[in-house]
Every structure is written in C-alpha cells, then in structure tokens.
Amino acid sequence: MRRIQTKIKVSYVTEEQFHEISRMVCAQSGLEYDASIVAGFIKMLTDRHQPLRACYPRDIIQHICWKAKIRRKPARAHGKSNRGCLQ
C-alpha cells in the first residue's frame with residue numbers, strides 16, 4: 001500500500017505523548033533523545049497554532065537522517081536551530 005501513513009486517521013497527541021514518540025523514534029534511528037530539542041519543536045508548532053500530530057517526530061527525525069546521509073555525516077540533532085537540526 002502506497003503512502004499508508006496518509007490513509008489512516010490518527011488523533012492529535014499531547015505534549016507528553018509527543019515526547020514519548022520522539023524518544024522511541026530517536027532510539028530506532030540511533031539518535032540521542034534531547035527533551036529540550038523536542039520542547040523547541042512543540043513550542044514552534046504551538047506558536048503557529050498547529051496541533052501536535054503523532055507523525056511529526058518520525059517525519060522530523062527522518063529529515064535529520066536524510067540530511068546527514070546527503071552530507072555524509074553522522075545524524076545528530078542539536079539545539080542550535082530547530083530548522084537545521086544538523087551540525
């Protein structure tokens with residue numbers, strides 16, 4: 001099934017759930033979980049009046065890993081910029 005993640009409705013999550021999902025996705029991706037970085041994403045989303053979606057942690061971490069792969073560097077999230085998230 002193509003794009004199954006766009007076919008199934010998943011409710012919005014709480015901040016606590018967003019952190020827990022982020023923690024699990026980081027572990028699966030080999031990234032160190034940093035609560036302050038996740039809190040920064042939550043703030044950025046809530047400042048824009050965006051709901052917390054369960055898919056966001058996976059999507060954000062995938063982008064970090066893809067960017068690292070393109071740059072041929074190890075994936076590493078950092079708190080310098082929630083937009084870049086890669087050193």
What percentage of all Cα-Cα pairs in region 10-71 are separated by more than 18 Å?
31
So for the pair HIS63, HIS49, with labels modelled 7 Å out along Cα→Cβ, what separation do we get in nm?
2.1
Scalar couplings 3J(HN,Hα) for region 50-61 by Karplus 6.51 cos²θ - 1.76 cosθ + 1.60 (θ = phi - 60°), nearest whole Hz, x for Gly and Pro, are 9, x, 7, 9, 5, 7, 4, x, 4, 5, 5, 5
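The numbers here are math on the coordinates, done by the rules we state, and not lab data. Note that this is a predicted model, so its numbers are computed, not measured. Every residue, glycine among them, receives a Cβ derived from its backbone with ideal geometry; neighbour counts consider all protein chains shown.
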